[in-house]
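Shown next, in structure tokens, is the structure this report addresses.
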Amino acid sequence: MAEPAASPYSTESVAFRSALDVIRGVEPRVADAITQELADQREMLKLIASENYASPAVLLAMGNWFSDKYAEGTVGRRFYAGCRNVDTVEALAAEHARGVFGAAHAYAQPHSGIDANLVAFWAVLSQRVESPALAKAGVRQVNDLSEEDWARLRADFGNQRMLGMSLDAGGHLTHGFRPNISGKMFEQRSYGTDPATGLLDYDALRATAREFRPMILVAGYSAYPRLVNFRIMREIADEVGATLMVDMAHFAGLVAGKVLTGDFDPVPHANIVTTTTHKSLRGPRGGLVLCDEELAEHVDRGCPMVLGGPLPHVMAAKAVALAEAARPEFGGYAQAIVDNSRALAEGLLKRGTRLVTGGTDNHLVLIDVSGYGLTGRQAEAALLESGIVTNRNAIPQDPNGAWYTSGIRIGTPALTTRGLGPAEMDEIAGLIDTVLSGTTAAPAPKGGLSKAHHVLDAAVADQVAQRAADLLAGFPLYPGIDLS
Ligand code: DSN
């Protein structure tokens with residue numbers, strides 16, 4: 001009998017082509033959208049600092065029947081029967097997370113970074129507010145409290161303080177700001193950066209902490225291009241009796257890859273660390289909490305405290321991604337992210353672009369586009385027209401506020417995954433400068449200049465977009481996947 005003909009496609013191509021065929025049989029428009037998304041991502045010069053490209057193994061680990069399982073509870077202690085395989089993947093995700101980050105405890109259930117932060121906030125409240133109240137009342141659980149004690153405890157939950165980095169200095173909305181539930185739960189105060197240097201001002205932070213005496217000191221950022229010294233952060237937290245929580249969502253990949261070590265590795269210094277798994281860590285979209293032994297039992301109450309049922313298919317993908325991050329080559333990837341970020345910053349600086357803090361030590365660069373006479377919104381739109389995907393971002397003391405902004409945040413995790421290096425970063429810096437130099441603010445209808453609209457010669461945009469496409473063609477995205 002003749003051997004079946006070998007598939008002309010790689011294993012990865014066969015897997016994704018087959019999956020799309022199955023989906024196409026039910027709702028072809030979804031299959032088409034998935035196919036188009038790959039085409040779009042292949043053509044974009046993706047500089048969004050919080051995005052990346054997960055591996056085929058991570059993507060495939062998410063698309064299966066684990067999606068159908070309910071598994072409230074923790075490993076080995078579920079509220080549903082039939083969870084032995086979910087236990088396996090959740091335990092693996094936690095084991096890999098502990099190994100990669102050197103953490104005492106890991107909780108892999110949060111669905112996102114916001115959820116991970118909520119778990120952390122309520123773990124601290126459980127440890128520092130609820131547990132003492134239960135002990136004082138001589139009961140084991142909240143249901144056993146008298147109505148009076150329960151009312152007092154509920155008031156105490158809402159009467160605690162948080163100190164976090166200000167939004168315009170690069171902090172995150174979930175670090176106690178009013179539009180997010182964290183700002184409604186906690187009385188919040190912010191610390192910021194030195195107006196002269198743009199760098200974190202630890203002396204001012206210490207003074208604010210001494211005066212404000214927060215229960216939680218939050219460190220971590222989504223738009224600060226420098227390192228944070230977590231040893232100093234812990235000293236300040238200890239001095240004022242605060243729990244140190246670090247949100248490392250943006251730089252978790254740099255911690256996993258051992259680029260951030262010693263004082264700059266949050267895990268040995270913080271009481272509790274949260275992260276997303278999809279940014280520089282390059283896993284599936286999701287969250288993760290790491291903590292010391294004292295907080296472990298409180299963190300494990302995340303579901304049902306603030307989380308819906310865990311997503312076992314995503315926990316499976318987290319386990320795969322963390323296994324990838326444990327490999328020695330991930331260290332090379334993490335270092336290349338920072339090398340590329342520095343090259344991008346240097347390429348911009350030598351062309352006269354203003355950067356917040358004058359450079360970068362991590363995966364992101366924050367451009368002050370006011371030097372080009374633009375708002376962040378205008379710059380973002382002009383770059384998009386030119387095939388460069390970024391996001392606008394407030395800069396310290398931003399005169400244009402959080403909507404129009406004066407900044408553009410760019411980051412290198414995604415393009416580094418594609419294999420681009422410092423030479424390409426220099427060229428990309430040139431493309432960015434060409435677009436921003438060629439863009440002007442459009443006149444406003446009532447006179448003056450618009451903050452929203454811009455003018456850019458279509459020929460310049462087309463030329464840059466073509467060069468970006470040519471550059472990317474040399475670094476194929478998912479080279480093993482052929483859907484044609
Ligand atoms: N959306 C993420 C970011 O872009 O930084 C964090 O919320």
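Taking a sphere under 12 Å around the Cβ of GLY171 and counting the other residues whose Cβ falls inside, with K and R at +1 and D and E at -1, yields a net charge of -1. With loop membership from DSSP and a limit of 10 other Cβ atoms within 10 Å, the longest segment of the chain without trypsin sites (Lys or Arg not before Pro) is 141-445. Against the empirical curve 2.2 N^0.38 Å, the C-alpha radius of gyration of the stretch 286-363 lands at a ratio of 1.66. Measuring between alpha carbons in the structure, the pairs from LYS279/LYS350; LYS46/LYS451; LYS184/LYS446 lying more than 31 angstrom apart are LYS184/LYS446. Of THR440, THR390, THR412, THR261, the sequence from fewest to most neighbouring Cβ atoms within 10 angstrom is THR261, THR440, THR390, THR412.
Simple spin-label estimate for THR11 and ALA196 gives 5.9 nm between the two label positions (7 Å along the Cα-to-Cβ direction from each Cα). Straight-line reach from LYS258: taking Cα to Cα under 12 Å and skipping same-chain neighbours fewer than 8 places apart, the aspartates and glutamates in range are GLU329.
The alpha carbon centroids of the stretch 199-276 and the stretch 308-335 are separated by 23 Å.
3J(HN,Hα) along the stretch 339-354, derived from phi through the Karplus expression 6.51 cos²θ - 1.76 cosθ + 1.60 where θ = phi - 60°, amounts to 4, 5, 4, 4, 5, 5, 4, 5, x, 6, 4, 5, 9, x, 6, 7 Hz, with x in place of Gly and Pro. Each listed q (0.05, 0.06, 0.08 Å⁻¹) maps to a log10 I(q)/I(0) for the chain, found by the Debye formula over equal Cα scatterers with no solvent: -0.21, -0.30, -0.53.
Going from the fewest other Cβ atoms within 10 Å to the most, the residues HIS172, HIS363 appear in the order HIS172, HIS363. Sequence neighbours fewer than 8 away in the same chain don't count; with that in mind, list the lysines whose C-alpha is under 23 Å from LYS69. LYS69 reaches LYS318.
FYI, it's all coordinate maths here, none of it is from the lab. These figures come from a predicted structure and were not determined experimentally. Heads up, the Cβs are rebuilt from the backbone with ideal geometry, glycines too, and the neighbour counts pull from every protein chain shown.
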